[in-house]
Amino acid sequence: MHQFLTIAIKAARRAGSIINRASLELEKVQVARKGPHDFVTDIDRASENAIIETIREAYPDHAILGEETGFNKGTRAEPEYQWIIDPLDGTKNFIHGLPDYAISIAVVHQGKVMHGLVYDPNRNEIFTASRGVGAFLNDRRIRVSTRTRIEESLIAGRFPLGAPEKEGYRFHNLVEQSNGYRRLGSTVLELAYVASGRLDGFCGANLQAWDVAAGSLLVLEAGGLIGDFDGEQGWMRSGNVLAGAPKLFPHLVNAIAK
């Protein structure tokens, strides 16, 4: 295992301990509103701080982009590596005691995601991937599913709230064609589940780098494809993401075509 992943696992387990302890006393968690449908807790911040401290101990010169703390370039004027952190993806689930949330950590080198981790502290599942090495769940290699037809596929997604009817119809079309639709409330878990074959495909709109950086590498290293709504590689820039097995992916693109 690459040393970057070793540090990522150490950081994720440290943050997971904070989250697990807090989940036993949810009435003490402090909740604030970031936007109309977006919340943050003191546990999000404590988790992110723990992750950053662990990374800084090992790599003080690396840049870090955290969902809660923003961008910090480290001790170098032009850092070669950047870590992208989502300390608690699925905050609303966590607040309600629904055990579908996870920690996401990715390492980017010269604009390319090289290592990724998604840690589910409830199930003690660690999904990891390194570019060119493969994707793993608790050290067991994982692969995307072999399904080829949307009608047989279980699809997850995050669709935009309040989308115009014309824009929203394309997502409705995908849901109607699929064998089933799931909204777990944690994008990083949904992408990890696509990588492990638990889900067959994913469609998400208006996502941020910390939502998709680690999960995208998991999918690719598990043999899947990832792209934007046109099937192209602008997904990190646009935040519009499709992911799935190679033979299913074109059908996902066609299903949401305008």
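Kirkwood hydrodynamic radius computed over region 59-135 comes to 13.6 Å, based on all pairs of distinct alpha carbons. When all protein chains stay in place and ligands, DNA and RNA are ignored, the 1.4 Å accessible-area order of L199, L225, L184, L24, largest first, is L24, L225, L184, L199.
Normalised by the number of residues in region 182-258, the average gap of Cα pairs under 8 Å and 6 or more apart makes the relative contact order 31 percent. Could you give the angle, 0 to 90 degrees to the nearest 10, between helix 165-177's Cα long axis and the longest principal axis of the Cα atoms of the chain? On a 0 to 90 degree scale, this one is about 80. Here the relative contact order of the chain, from alpha carbon pairs under 8 Å that lie six or more residues apart, stands at 16 percent.
Annotation: the antiparallel percentage among DSSP beta bridges lying fully within the chain is about 80.
With all pairs of different C-alpha atoms in the average, the Kirkwood value for the hydrodynamic radius of region 1-150 is 16.2 Å. Among E176, E25, E221, the residue with the largest mean-square fluctuation in a Gaussian network model of the chain, with springs joining Cα atoms closer than 10 Å, is E25. For Q3 and E176, the FRET efficiency from 1/(1 + (r/R0)^6), where r spans their Cβ atoms and R0 equals 35 Å, is about 0.15. Beyond 29 Å, what share of the Cα-Cα pairs of the chain remains, rounded to the nearest whole percent? Cα-Cα pairs of the chain separated by over 29 Å account for 27 percent. The listed residues D89, D230, once ranked by accessible area (1.4 Å probe) with the largest placed first, stand as D230, D89. Panel note: the C-alpha atoms of region 203-258, placed on their principal axes, show extents of 27, 25, 14 Å (largest first).
The orientation-averaged projected area of the convex hull spanned by the Cα atoms of region 120-258 comes to 7.8 nm².
The values are calculated or read from the model by the stated rules, or taken from the named source; none is laboratory data. Remember, predicted model here, so these are calculated numbers, not experimental data. Neighbour counts run over all protein chains shown; Cβ positions are idealised from the backbone, glycine included. Side chains included, ligands, DNA and RNA excluded: accessible areas come from the protein's heavy atoms. Shrake-Rupley method; radii C 1.70, N 1.55, O 1.52, S 1.80 Å.
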